[in-house]
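To keep things clear, I will list the structure first and then write my remarks on it.
Every number in this text was worked out from the coordinates using simple rules, so none of it is lab data. Nothing here was measured: the structure is a model prediction, and the numbers come from that model. Please note: Cβ atoms are built from the backbone with ideal geometry, for glycine as well, and neighbour counts cover all protein chains shown.
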Amino acid sequence: MRRPIVFLALAVLLLLAVVVPGAAASNSFDFIAPMSAAQEVADVAAPGAGGQARFSVNGNVLSYQVTVRHLTGAANQAHIHGPADRGVNAGISIWLCGTDALPGPLGTPRCSSTTNGVLVEGSVTVTTEQLAMLDAGLGYANVHTALHGPGEVRGQLLPVGGR
């Protein structure tokens, strides 16, 4: 079942390279994580839930935008987890957004309440070790909701362009 997901992720990257001319060449983003409920390790009943996380690196600053679609409810947190291969769970490495109830470290942006659209845009300072983890393909983006606390949608970060 995981093989079709890999092919889907590769197809999305190829489509982006064709539909968004110059995106990969201009290195407008360094990592992309096509997210779906099917990539969660546990079974998640969230038909059509998915999204995409895009990341760019400038020095030790990781900028990001996370968009979602068809979540079962508002997200209560989103992170990059790792180090972990596809299909393996890991602890939180980088917070992307939180809520009043689950705020994350000081300075963590708040998740929007959308179930379809931009969940969060932000930036965070990362360590050399965290960046090496991402470069090695050992991080995954994960969006959590009240109904699916361990994660509703997930996607492995894939290097884009010259990374």
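Taking the fewest neighbouring Cβ atoms within 10 Å as the starting point, the ordered list for I92, I80 is I92, I80. Measure out, as a whole number of angstrom, how far apart the alpha-carbon centroids of region 89-136 and region 29-44 sit. Each part reduced to its Cα centre gives a spacing of 15 Å. Taking N as the residue count of region 18-163, its C-alpha radius of gyration divided by 2.2 N^0.38 Å amounts to 0.97. Size of region 73-154 from its Cα atoms: along the principal axes, largest to smallest, the extents are 32, 27, 21 Å. Close amide-amide hydrogen proximity is noted between N76 and H144, T145, A146, each under 5 Å apart and 5 or more residues distant or on a separate chain (H modeled in the peptide plane; Pro and chain starts excluded). Taking amide H as placed 1.01 Å from N in the peptide plane, A49 has its amide H under 5 Å from the amide H of A37, each at least 5 places away in sequence or on another chain. Within region 107-163, all pairs of alpha-carbon atoms sorted by distance into 5 Å bins from zero give the percentages 4, 15, 18, 26, 21, 13, 4, 0.
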